[in-house]
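Some notes on the structure that comes next.
The values are calculated or read from the model by the stated rules, or taken from the named source; none is laboratory data. Just so it is clear, the model here is predicted, and its values are computed rather than measured. Here the Cβ positions follow ideal geometry from the backbone for every residue, glycine too, while neighbour counts run over all protein chains shown. The area values use the complete protein model at the heavy-atom level, side chains included, leaving out ligands, DNA and RNA. Shrake-Rupley method; radii C 1.70, N 1.55, O 1.52, S 1.80 Å.
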Amino acid sequence: GHGDAESARHAFQRVSAADPQDPRGWTLLAQACAALGDMAGEDSALTSALKADPADLMALLLRGKMAERRGDERLAAASYGAAATVAPSMDRLRPDLRPAVQ
């Protein structure tokens, strides 16, 4: 439930603070924030993820989704466009990311 997402957010805040150069901690934090409806936290975590690695595919896809929820077509298009640019070919892509990239 809600408490799980809350404790996940706290855990991922510690992870990303411990290693701010690793975008994975930030993308996990962004997803926990999204689950809690914390759009500001999600936005901030994705910004940090992309500061750590501007070509992080997961962060770009999550930012595209966030922009879609906000109705920000320009940011969604820019995020998905950047994701398409950095994505490896479908056969080399992690299976869990394939549907999002397609």
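Before moving on, here are some points about what is shown:
- Charge tally around M39: other residues with Cβ under 9 Å, Lys/Arg +1 each, Asp/Glu -1 each, net -1.
- Taking the longest Cα principal axis of the chain as reference, the axis of helix 2-18 is set at about 80 degrees.
- Its Cα gyration tensor gives the chain an equivalent ellipsoid, and the semi-axes of that ellipsoid, as √(5λ) in whole Å with the largest first, are 22, 16, 13.
- Axis of helix 57-70 versus longest Cα principal axis of the chain: the two differ by about 80°, to the nearest ten degrees.
- Solvent-accessible heavy-atom area per residue, rounded to whole Å², over the chain at 1.4 Å: 58
- Surface composition of segment 1-75: carbon and sulfur atoms hold 53% of the protein heavy-atom accessible area at a 1.4 Å probe.
- Of the residues L29, A5, A100, the one whose Cα sits farthest towards the positive end of the charge dipole of the chain is A100 (charges of +1 on Lys and Arg Cβ, -1 on Asp and Glu Cβ, taken about the Cα centre).
- Distance from the alpha carbon centroid of segment 47-74 to that of segment 1-28 works out to 17 angstrom.
- Student exercise, the chain dipole from Lys, Arg, Asp, Glu Cβ charges, in Debye to nearest 20: 160
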